[in-house]
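To start, the structure itself, in structure tokens.
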Amino acid sequence: MKPKRYWLGRLVVGFLRILTRILLKLQVEGIERVPLAGPVVLIANHVNFLDPVLAYTIHRRYVKGLTADKTFRQAFFNFLAWSVDAIPVARGTPDLRAIRGCVEALEAGWALYVAPEGTRSGHGCLQEAHAGVVVVLSRTDQQIPVYPVAYIGLERFWPTFRKLRRTPVRIVVGEPFYVSWPAGRVHQAEREQILAEMMGAIASLLPPDSRGRYADQVGRAPRYLVRARATG
């Protein structure tokens, strides 16, 4: 099943792929891990406006992502978000409509992209994340593989751009995992622990000085995450 504006989205993503290659020196590692079909969730750090763009351009398959609802009130960015069928989300709120959109995307077999921090850091260090992605996964009827993704170097984009130079950026796609749910109802404390472990998976792909809020999760044995076998 293809999204409503599949071919328009492909055309827009093709244009953005060329643009990002002009602006950035990209080194992508582990992208072959992501399968070409079937539902998956991609979670990543959120540095600036470019990382959600890269989420669409580095993958070989169609990606469905979340974007702040205010994006749809800005003419050019509204067109971009509309063309790729992005899911609008009201930041800082338990947006049930966005959660339903994410669950429907997974049920349709798409790749769902989520930046759990919600807002851009600008400095590249992990900030406090939100548990929306955990809620989405808890509402699906199947085990969905989750792939952590790290963007390294995007925090230097603007200073480098002002010098009219391309910014070296390294993108690392880590080993996938599943969430092993606790028995019975999932309580807030358990959701927060699952979220922390998921963010720890991203942190482990980042340099030590960029792990920020989740540095203490690196190297810990997870309680709720189970390593999955990549099938790219």
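The values are calculated or read from the model by the stated rules, or taken from the named source; none is laboratory data. These figures come from a predicted structure and were not determined experimentally. Virtual Cβ from ideal backbone geometry, glycine too; neighbours counted across all protein chains shown.
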Residue, modelled with the lowest pLDDT, within the stretch 40-73, restricted to residues that are part of a loop (DSSP other than H, G, I, E, B) and over 17 Å from Gly132 (Cα atoms): Arg60
Positions within the stretch 87-116 being in a loop (DSSP other than H, G, I, E, B), within 13 Å of the chain's Cα centre (by Cα) and closer than 14 Å to Lys64 by Cα, in sequence order: Ala115
Residue in the stretch 131-138 that is among the small types (Gly, Ala, Ser) and more than 26 Å from Glu190 (Cα to Cα) present: no
Test: residue in the stretch 31-38 that is under 15 Å from the mean Cα position of the chain (by Cα), surrounded by 19 or more Cβ atoms within 10 Å (Cβ to Cβ) and not charged (D, E, K, R): yes
Lone qualifier among Gly14, Gly9 - being touching an Asp or Glu at 6+ places or on another chain (Cβ under 7 Å) and either part of a helix (DSSP H, G or I) or among the hydroxyl-bearing types (Ser, Thr, Tyr) (or both): Gly9
Hits in the stretch 87-110 - residues which are of a type in the set (A, V, I, L, M) and touching a residue at least 12 places away in the same chain (Cβ under 8 Å): Ile87, Val89, Ala90, Ala98, Ile99, Val103, Ala105, Leu106, Ala108
Test: Leu24 is surrounded by 15 or more Cβ atoms within 10 Å (Cβ to Cβ), in contact with a Ser or Thr (Cβ under 6 Å, 6 or more places away or on another chain) and more than 18 Å from Trp110 (Cβ to Cβ): yes
Members of the stretch 10-58 that are more than 24 Å from Glu117 (Cβ to Cβ) and among the β-branched types (Val, Ile, Thr): Val12, Ile18, Ile22
Top-ranked residue of the stretch 146-167 - restricted to ones that are in contact with a Ser or Thr (Cβ under 8 Å, 6 or more places away or on another chain) and not hydrophobic (A, V, I, L, M, F, W, C), ranked as nearest to Tyr214 (Cα to Cα): Pro148
Condition met for Tyr224 (buried (at least 20 other Cβ atoms within 10 Å of the Cβ) and either among the basic types (Lys, Arg) or over 26 Å from Val28 (Cα atoms) (or both)): yes
Strands (runs of 3 or more DSSP E) within the stretch 117-192 that include 3 or more residues within 17 Å of the chain's Cα centre (by Cα) and over 28 Å from Pro94 (Cβ atoms): 167-173
Any hit, the stretch 164-186, residues being surrounded by fewer than 17 Cβ atoms within 10 Å (Cβ to Cβ), without any contact (Cβ under 8 Å) to a residue 12 or more places away in the chain and closer than 16 Å to Ala131 by Cα: yes
Residues of the stretch 193-232 that turn out to be of a type outside the set (Gly, Ala, Ser) and assigned to a helix (DSSP H, G or I), as a count: 13
The listed residue being out of contact with any Phe, Trp or Tyr (no Cβ under 8 Å at 6 or more places or on another chain), loosely packed, with under 14 Cβ neighbours inside 10 Å and among the β-branched types (Val, Ile, Thr), out of Thr160, Thr119, Thr140: Thr119
